[in-house]
Amino acid sequence: PLYLPDLSDEELRRMARSPEEGALLQEHASRSSMILPLTVRGVVRGVVALGSAAPGRHGEEDFAAALELARRLATALDQAELHRDAADAAELLEAVLTQMQSGLAILDARTDEFVLQNEQAERIWGRAWSEATGEEHFRNLVGFHPDGRPYEPHEWPLARAVRHGEVVTRETIDFERG
């Protein structure tokens, strides 16, 4: 950060590259200035410049407030970029899921709700999973182990993956659609 609370005519002349520029600076330049980097996570994202034609206009309290303002602006810019990135990623994910030939449904383990299901999954199951919540998802399914035993709600691969972090592969299930 640069804090210049009281720029004199002499300081402005020294900053100028020519006498003509010095005259222009004396006539039009800020006499009290703050130049504050917009830094977030160690990266400068931009700069805020505040100035006044009145010398001494910006005091120490103004400088402290401006530093806080710059910090908050940097955070807001960063959050806006993260939000844009997340929206772009969601759009890309939806495009990929729509084009997939395999059925796919995503269950949010925190809320136990289906947050996304592609059309292929709905065709395979003959239903939209998002209609049910919690254990209901699995209570409403009818499926059978290879030995003919019915699947209990907690035995479904997705239930095991969500509840216990189990990776389920190559499991054969005969199920009733719809």
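The values are calculated or read from the model by the stated rules, or taken from the named source; none is laboratory data. Predicted model, so just to flag it, every value in this text is computed and none were measured. Cβ atoms come from the backbone with ideal geometry, glycine included; neighbour counts cover every protein chain shown. Accessible surface areas use protein heavy atoms only, side chains included; no ligands, DNA or RNA. Shrake-Rupley method; radii C 1.70, N 1.55, O 1.52, S 1.80 Å.
When both residues are 6+ apart or on different chains and their Cβ atoms are under 6 Å apart, which pairs have a first residue that lies in segment 159-178 and is surrounded by 11 or more Cβ atoms within 10 Å (Cβ to Cβ), and a second that is of a type in the set (Gly, Ala, Ser) and part of a loop (DSSP other than H, G, I, E, B)?
Val162/Ala109
Specify which of the listed residues (Ala70, Ala76, Ala105) is of a type outside the set (Val, Ile, Thr) and free of Cβ contacts under 8 Å to residues at least 40 places away in the same chain. Don't jump to the end; show me each part of the working.
Numbers: Ala70 fails: free of Cβ contacts under 8 Å to residues at least 40 places away in the same chain; Ala105 fails: free of Cβ contacts under 8 Å to residues at least 40 places away in the same chain.
Exactly one of Ala70, Ala76, Ala105 is of a type outside the set (Val, Ile, Thr) and free of Cβ contacts under 8 Å to residues at least 40 places away in the same chain, namely Ala76.
Restricting the search to segment 40-49, which residues are open to solvent by 60 Å² or more (accessible area, probe 1.4 Å) and in contact with a strand residue (DSSP E or B) (Cβ under 8 Å, 6 or more places away or on another chain)? Before you say what the answer is, go through the steps one by one.
In the first step, residues of segment 40-49 are kept if they are open to solvent by 60 Å² or more (accessible area, probe 1.4 Å); the result is 41-45, 47, 49.
Across segment 40-49, the qualifying residues are Val44, Arg45, Val47, Ala49.
How many residues does segment 1-37 hold that are surrounded by 14 or more Cβ atoms within 10 Å (Cβ to Cβ), touching a Ser or Thr at 6+ places or on another chain (Cβ under 9 Å) and in a strand (DSSP E or B)?
Looking only at that region, the number is 4.
Would you check if there is a residue in segment 58-69 being under 30 Å from Asp9 (Cα atoms) and not in a helix (DSSP H, G or I)?
Yes, some residue in segment 58-69 is under 30 Å from Asp9 (Cα atoms) and not in a helix (DSSP H, G or I).
Please verify whether segment 100-116 includes one or more residues that are part of a loop (DSSP other than H, G, I, E, B), among the β-branched types (Val, Ile, Thr) and farther than 24 Å from Gly165 by Cβ.
No, segment 100-116 contains no residue that is part of a loop (DSSP other than H, G, I, E, B), among the β-branched types (Val, Ile, Thr) and farther than 24 Å from Gly165 by Cβ.
Test Ala121 against the stated conditions and say whether it is at pLDDT 85 or above, open to solvent by less than 70 Å² (accessible area, probe 1.4 Å) and out of contact with any helix residue (DSSP H, G or I) (no Cβ under 8 Å at 6 or more places or on another chain). Break it down stepwise before answering.
Numbers: at pLDDT 85 or above: yes; open to solvent by less than 70 Å² (accessible area, probe 1.4 Å): yes; out of contact with any helix residue (DSSP H, G or I) (no Cβ under 8 Å at 6 or more places or on another chain): no.
No: the conditions fail for Ala121.
Quickly run through segment 145-158 and pick out the residues that are touching a residue at least 24 places away in the same chain (Cβ under 8 Å) and surrounded by fewer than 13 Cβ atoms within 10 Å (Cβ to Cβ).
Across segment 145-158, the qualifying residue is only Pro146.
Quickly run through segment 69-87 and pick out the residues that are within 14 Å of Pro1 (Cα to Cα) and either surrounded by fewer than 11 Cβ atoms within 10 Å (Cβ to Cβ) or among the small types (Gly, Ala, Ser) (or both).
Going residue by residue through segment 69-87, those that are within 14 Å of Pro1 (Cα to Cα) are 69-71, 74.
Passing the criteria: Ala70, Ala74.
Could you tell me which numbered condition Ala64 fails, if it satisfies all but one of (1) open to solvent by 50 Å² or more (accessible area, probe 1.4 Å); (2) among the small types (Gly, Ala, Ser); (3) within 22 Å of Tyr3 (Cβ to Cβ); (4) under 27 Å from the mean Cα position of the chain (by Cα)?
Evaluating Ala64 over (1) open to solvent by 50 Å² or more (accessible area, probe 1.4 Å); (2) among the small types (Gly, Ala, Ser); (3) within 22 Å of Tyr3 (Cβ to Cβ); (4) under 27 Å from the mean Cα position of the chain (by Cα) leaves (4) as the failure.
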